[in-house]
Amino acid sequence: MNCKIKNIRTGRKYGGLNREILLTLVLLLGAALLFGGFLFLRFAEQKFLDQHLALLLEVSRSTALDQVRDGNVRPVQFRLSRLQRDFGAEAWWLYDARLRLVQGYAIEDVPQVSTIRLRRLLLQREEALDVDWNPLPLFSGNRDGSTRVIVPLSVQPPARGLLVVQYSLAPLREQISRARRWVFLYAFGYGLVLAAAGFLLMRRNVIQPVKNLLAATEKVTMGQLDTVLATEGPLEIARLAGSFNQMTRALDQSRRQTEATIQSLKRANQELEQTRDELVRSEKLATVGHLAAGMAHEIGNPLGALMGYLALLRQELPAGESAEMADLAVREAERIDRLVRDLLDYAAPGHSDPAPFDPWGAVLETIELLRLQGTLKNMRLTYAENLVLPSVSMDRRKLEQVLINLLINARDACNGQGIIRLEGDVVADRVILRVVDNGCGMSSDVQGQLFEPFFTTKAPGKGRGLGLAVCQRVMAEAGGEIRVESVEGEGSCFSLLLPPAGDVDG
């Protein structure tokens, strides 16, 4: 892993993740331990000072009581000397009841207490404790400091005198300094242990997973989209690994879809070429259709005369073989007449003879027709037998043509096995017929192109993409519309909206 990563925005270089985390841990733990040690030292220093002052006050009281014998102030020298030897007394002054100095001692020039203050303390039999002490700084020494203790020489009034002792606080200062060194040493050792433990944890839970992620990312950049990270460790790292795996799966799927799209485009290009050829053929067929229409008109006139002559002839012939042959000739002539009419309808598709009829009856007839043909052999149809709907006005045969187209499409969407539901309703002055299936459904992109000519989702040779375009034209000519609702993988619903028979002209 390259340990020098350049920041593009500032040009600043950072070290590796190992060094950055270790340095951060040392700085944070060092600052926290120093701050905690400083607070502890201040607290301990105050505690030591309070305890030391209480000890000096108690020793001074005990010494003061020993200085009174037979009601008079008589210095007990060994007791006073002990104050200097054992408790660091720098000076002491022993006063009688008239504040006359009985005995005094000072290691160096030490200022005495004012007489006014001594007199007030003597009359009120009060103790006094004057402390000259500055807290220790964190890393440097300070002057030692001192305290002055004033105690009366008697417990019962009146006081026999006063004992004034000034103690040096140098021993206390030295004791606190030693404690400070031990605290700093402990904090340093404790900080090293914490930093090492924290670094090991960070290395296992953060640094190593990041290295694994970097290595996996490099593999992905080289096209190895099957790279998978282990989803283990802390929650955030595991979620990051999961997101990485999801991203690689999405990239792999996108690549596969792109390849499939390219293949689909190639097939679509081939189909467009085929469609172009079919359009050329369609233009030729259209020309043939116009020619056929002209011929149908020419054939229709003599055909009508022929049918009239055959009808007259049939009336004249007696029963027998000749009459049967005449009947056959009439039926064949009628068949030619129907073929001619179909040819005319093909040449002029916009022509129709609208008439009011029951739309649900057309639905039932269409279902029966497809059943007889075996088109819906393996499908399960659900519909109401006796549904009553308002009449609509259009060419009944064309509505049946639309219904046939929708039912066949529904069968194909279900791969020949599924459920088709037919419904009828009246909503907002519109007669609605619905064809609902539970087939494969359609995406929104497919729905947007569904009614375009020559658009189809069926396999080549299974459809030309004209059925729904013709259905839409038929519905528009009847003053209605066709709508589709579909969910991919769940099915589709085609709705035919028609005005009632009385509203067609409006």
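The values are calculated or read from the model by the stated rules, or taken from the named source; none is laboratory data. None of the values given here were measured: they were computed from a predicted structure. Note that we place each Cβ from the backbone using ideal geometry, even for glycine, and neighbour counts take in every protein chain shown. Areas reflect the complete protein model, heavy atoms only, side chains present, ligands, DNA and RNA absent. Shrake-Rupley method; radii C 1.70, N 1.55, O 1.52, S 1.80 Å.
Sorted by accessible area with a 1.4 angstrom probe, largest first, how do Met475, Met202, Met222 fall?
Met222, Met202, Met475
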Given the alpha-carbon gyration tensor of the range 366-478, what are the semi-axes of its equivalent ellipsoid in whole angstrom, ordered largest first, with each equal to the square root of 5 times an eigenvalue? 22, 19, 14
Treating cross-link reach as a plain straight distance, find the aspartates and glutamates whose alpha-carbon is under 19 Å from the alpha-carbon of Lys211, omitting any fewer than eight places away in the same chain. Glu20, Asp226, Glu232, Glu236
Could you order peptides 404-410, 41-47, 159-165, 105-111 by the average number of other Cβ atoms within 10 Å of their residues, highest first? 159-165, 404-410, 41-47, 105-111
Taking amide H positions as placed in the peptide plane 1.01 Å from N, state which residues far from Gln112 in sequence (5 or more) or on other chains have amide H under 5 Å from it. none
What residues qualify as long-range amide H neighbours of Glu90, i.e. H under 5 Å apart, gap of 5 or more or another chain, H built at 1.01 Å from N? Gln166, Tyr167, Ser168
As an exercise, take the mean of 1/r over every pair of distinct alpha carbons in the range 351-403, invert it, and state the Kirkwood radius in angstroms. 12.1 Å
Under 5 Å, built H, 5+ apart or other chain: amide partners of Leu389: Trp360
